[in-house]
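See below for the structure under consideration.
The values are calculated or read from the model by the stated rules, or taken from the named source; none is laboratory data. A quick note: this is a predicted structure, and the numbers were derived from the prediction, not measured. Note: ideal-geometry Cβ built from the backbone for every residue, glycine included; neighbour counts use all protein chains shown. Note: accessible area is taken over every heavy atom of the protein model, side chains too, but ligands, DNA and RNA are not part of it. Shrake-Rupley method; radii C 1.70, N 1.55, O 1.52, S 1.80 Å.
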Amino acid sequence: MNSQRNTIIWDLPTRLFHWLLVLVVALQFLTGLIGGDWLTLHAYLGYATLTLIIFRVLWGFLGGYWSLFSTFVPTPKVLLNYARTFSRSNPRTPNNSEQDSNNTPLVGHNPLGAISVLAMLLLLTLQIISGVMSNDDISFAGPFTSKVSNDTVEFMTWYHSCVGFYSLIFLISLHIFAILFYKFVMAQNLTFTMVHGYKKIEASVEASIDTKEKRLIALALFCLSALIVYLLLSLT
Ligand code: HEM
Ligand code: HEM
């Protein structure tokens, strides 16, 4: 018999990370597209984004069970098995009975979702690296533009405005499309889980630990991430 219970999947630090990231990235697009004086704020938002990304990398080693890289970064074999299972499965099968080849319920990020999460974090990092070496040819220059050659600044500005920008739009659209697909085709509301953290699943499935102590560790890691960004910027 299947006994189910509400289990915490996304701990508070992971959820806060996600929704803060959505906020700062949305504002980055807005301020970047308006340009002009808004680029100063744009740069500060970029440093906030970098702080969040460094935090998420650290949390990938110390965070709640389902936020750990070791639980969601798939091996090529897991990825292939998932693609096969997915193509055979009934799209309306609820998540808690969706199983991988070892009969382990897929609860956190699914393997394809995990790849897209990593790609988003990587592209955001490249956007920040290119941003600090970009200028707008008028009044704003990223803090590292004076440390590199003019050709590098030109290349980074081109990458930032033409390649990174459109690649991010593509990946983020895909991300939102996947969430909508899960909602309307697979009948699973992943967004609620990213809001309150809980999912109704088999009682035997491991829960993330989201205690006060863990949250304090997250806060300390967040401060450490901000310090790392501060030190990086003081290299200019
Ligand atoms: C700027 C836009 C966005 C970015 C950059 C973004 C980025 C991310 C990242 C990095 C993760 C992985 C979280 C982690 O493991 O720490 C994630 C997961 C997730 N995001 Fe977003 N996100 C965006 C917009 C949205 C929106 C608008 C929604 C919902 C309406 C959403 C819903 C979710 C959900 C439900 C997950 C968990 C997916 C799963 O269950 O595997 N995201 N997102
Ligand atoms: C995730 C982080 C970032 C995102 C999503 C982002 C996004 C954008 C967007 C959408 C534009 C407008 C491109 C266009 O008009 O075609 C832009 C322009 C710009 N961004 Fe960023 N940006 C980020 C980080 C940064 C950072 C950290 C800096 C500098 C410290 C920076 C410096 C600039 C500059 C100088 C421009 C103007 C480039 C030009 O005039 O061609 N960006 N950014």
Report task. Please calculate how many Å² of accessible area the chain carries per residue, with a 1.4 Å probe and no DNA, RNA or ligand atoms counted. Result -> 57
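Please identify the DSSP H helices in the chain that span no less than 27 Å along the helix axis (Cα) and have a mean Kyte-Doolittle hydropathy of 0.5 or more. If you can, show how the numbers build up before the last one.
Working: long enough: 12-34 (33 Å, 1.71); 38-62 (36 Å, 1.36); 111-131 (30 Å, 1.98); 165-184 (28 Å, 1.88); 212-233 (32 Å, 1.65).
Counting only whole DSSP H runs, the qualifying helices are 12-34, 38-62, 111-131, 165-184, 212-233.
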Query - Candidates THR49, THR14, THR31: whichever shows maximal mean-square fluctuation once the chain is modelled as a Gaussian network with Cα springs under 10 Å - result: THR31
Query raised in the report: In whole Å, what three semi-axes, largest first, describe the equivalent ellipsoid of segment 16-72 built from its Cα gyration tensor (square root of 5 times each eigenvalue)?
Result: 29, 10, 7
Report summary line: Here the Cα Rg-to-2.2 N^0.38 Å ratio for segment 128-205 is 1.76
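Over its Cα atoms, what ratio of radius of gyration to 2.2 N^0.38 Å does the chain give? List each step's numbers first, then the result.
Numbers: Rg = 19.9 Å, N = 236, 2.2 N^0.38 = 17.5 Å.
Output field value: 1.13.
Using a Förster distance of 41 angstrom, determine the FRET efficiency expected from the C-beta separation of SER234 and LEU180, and round it to 0.05. Walk me through the intermediate numbers first.
Values: r = 43 Å, r/R0 = 1.04.
Computed FRET efficiency for SER234 and LEU180: 0.45.
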Query raised in the report: GNM, the chain, Cα, under 10 Å: largest mean-square fluctuation among ALA141, ALA83, ALA226?
Result: ALA83
Query raised in the report: Under 19 Å from the Cα of LYS200, which lysines turn up, not counting those fewer than eight places away in the same chain?
Result: LYS183
Report summary line: Whole-percent carbon and sulfur contribution to the accessible surface of segment 4-233 (1.4 Å, no ligands, DNA or RNA) stands at 70
